[in-house]
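Enquirer: Structure below; questions to follow.
The values are calculated or read from the model by the stated rules, or taken from the named source; none is laboratory data. Because the structure is predicted, anything quoted here is derived from the model rather than measured. Note that we place each Cβ from the backbone using ideal geometry, even for glycine, and neighbour counts take in every protein chain shown.
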């Protein structure tokens, strides 16, 4: 069926979508069943395939960093198509784009020159913010970075739910450099920490879905990094965490939801139109048709909301409310679609030889990253009642540290 955003895509974007669709169908889809059967594990085949395509540099300028410079709409097309064929592939791809974007915005010229070409060539990253006892309360984190007499820093702490934890070569870690317990937004700083530094260890808990995607625990035990690894200025940790999450993370997760939602719709249509009932097909039943209509209704609304926000970003239009709304709408619609589909699949929804069970489990993983619905509603309410507040989407469109850190 025709995408709702088809009339708004450029020919270049349509070609990119066709390219990634063919690639995902031929290269990624055959791996999905094996990954699902393996349960929680670290898949390295798909990251290598994606890196070879050069798509890790989708937001990185072509010159002088050898990226694609394709923009946010192109990024969404990539994530959505990958997620359609394999939720773990979409999750893996999008997770590294978030810290890479923060680095692109906050880094000094030397850091950009060092890291952006490597990212464009396939270096995977994480952004390590969440902690077990703080959750979405970033200012409640207890991980610390202590300055040393030689200008270096020593990091200690415990980070969890870190996307791409086990395939990353570079971690962007946000830690406390201010007073313990301080709620000052300048109390946090961001650091670039190579994965092979002494004191960095990883653990991987078991998850119900997204099998093959590593979202592990990152432990920091007296990890020393040089002064050159401070990202931006001391006190820019909130900018790294919030800016990248609002401008990049919300949209990325919405795109994963879109891919899973579209696959759920297509599989449901196939199921009800081929299932015999009373001399006809299950799809002949008006109640069944209503369920299918509800699934598509949610997808249409999500797609329009998500690509609208992406297009605003590509035009450098401040759009924080649209970004928050994109994740909220896409997540809610995907969850509702899973329930509608479950009612239609009946007992087959519980069978592992049908795709529904995998899609349902993968959709659950969209809720928590970048905050559940209540977080999106909280920030959307703030944006509505405080219309003069600076927006991350305005401050994160140009690589200027002094701009990006001015939001309280």
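Enquirer: Grab the strands (runs of 3 or more DSSP E) fully contained in region 166-240, keeping just those with 2 or more residues being surrounded by fewer than 17 Cβ atoms within 10 Å (Cβ to Cβ), in the same structural domain as residue 152 (by TED's automatic domain parsing) and at pLDDT 95 or above.
Expert: Fully inside region 166-240 and qualifying: 200-203, 215-225.
Enquirer: Here is a follow-up. Looking at region 280-302, I want the residues that are more than 19 Å from residue 255 (Cβ to Cβ) and have a partner that is assigned to a loop (DSSP other than H, G, I, E, B) with Cβ atoms under 6 Å, at least 6 apart or on another chain. Which pairs are those?
Expert: Listed by first residue and then by second, the contacts come to 282/275.
To keep it simple, each residue is scored yes or no on (1) under 30 Å from residue 21 (Cβ atoms); (2) buried (at least 24 other Cβ atoms within 10 Å of the Cβ); (3) at pLDDT 95 or above; (4) within 11 Å of the chain's Cα centre (by Cα).
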| residue | (1), (2), (3), (4) |
| --- | --- |
| 77 | yes, yes, yes, no |
| 90 | yes, yes, yes, yes |
| 94 | yes, yes, yes, yes |
| 125 | yes, yes, yes, no |
| 131 | no, no, yes, no |
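Enquirer: Here is a further query. Return the only residue of 62, 4, 26 being without any contact (Cβ under 8 Å) to a residue 12 or more places away in the chain, over 19 Å from the mean Cα position of the chain (by Cα) and assigned to a loop (DSSP other than H, G, I, E, B).
Expert: When all the criteria are applied, what remains is 62.
Enquirer: Here is a follow-up. Check off (1) touching a helix residue (DSSP H, G or I) at 6+ places or on another chain (Cβ under 6 Å); (2) closer than 22 Å to residue 7 by Cα for residue 304 and give me the number that stays unchecked.
Expert: Residue 304 satisfies every listed condition except (1).
Enquirer: Okay, moving on. List pairs: first residue in region 39-50 and at positive phi, second residue part of a loop (DSSP other than H, G, I, E, B) anywhere in the structure, Cβ distance under 8 angstrom, at least six positions apart or on different chains.
Expert: 39/206; 39/211
Enquirer: What residue, of 257, 244, 293, is modelled with pLDDT of 95 or more, surrounded by 24 or more Cβ atoms within 10 Å (Cβ to Cβ) and at negative phi?
Expert: Being modelled with pLDDT of 95 or more, surrounded by 24 or more Cβ atoms within 10 Å (Cβ to Cβ) and at negative phi holds for just one of 257, 244, 293, which is 257.
Enquirer: Sticking with this structure for a sec: Can you spot a residue in region 10-21 that is touching a residue at least 40 places away in the same chain (Cβ under 8 Å) and outside any helix (DSSP H, G or I)?
Expert: no
Enquirer: Considering only residues that are in contact with a helix residue (DSSP H, G or I) (Cβ under 6 Å, 6 or more places away or on another chain) and in contact (Cβ under 8 Å) with a residue 12 or more places away in the chain, look in region 127-151 and name the one that is farthest from residue 190 (Cα to Cα).
Expert: Residue satisfying both the conditions and the ranking: 136.
Enquirer: Condition first: more than 19 Å from residue 302 (Cα to Cα) and assigned to a helix (DSSP H, G or I). Can you find one or more residues in region 65-83 that meet it?
Expert: Scanning region 65-83 turns up no residue that is more than 19 Å from residue 302 (Cα to Cα) and assigned to a helix (DSSP H, G or I).
Enquirer: For region 358-389, what are the residues that are assigned to a loop (DSSP other than H, G, I, E, B) and either under 24 Å from residue 342 (Cβ atoms) or under 17 Å from the mean Cα position of the chain (by Cα) (or both)?
Expert: 365, 366, 367, 368, 369, 370, 371, 372
Enquirer: Another question about this same structure. Select from region 296-337 the residues that are more than 21 Å from residue 8 (Cβ to Cβ), buried (at least 23 other Cβ atoms within 10 Å of the Cβ) and over 17 Å from the mean Cα position of the chain (by Cα) and list them in ascending order.
Expert: Matches in region 296-337: 337 only.
Enquirer: Among (1) in a helix (DSSP H, G or I); (2) closer than 15 Å to residue 77 by Cα, there is one condition residue 51 misses while meeting the rest; what is its number?
Expert: Among (1) in a helix (DSSP H, G or I); (2) closer than 15 Å to residue 77 by Cα, residue 51 violates only (2).
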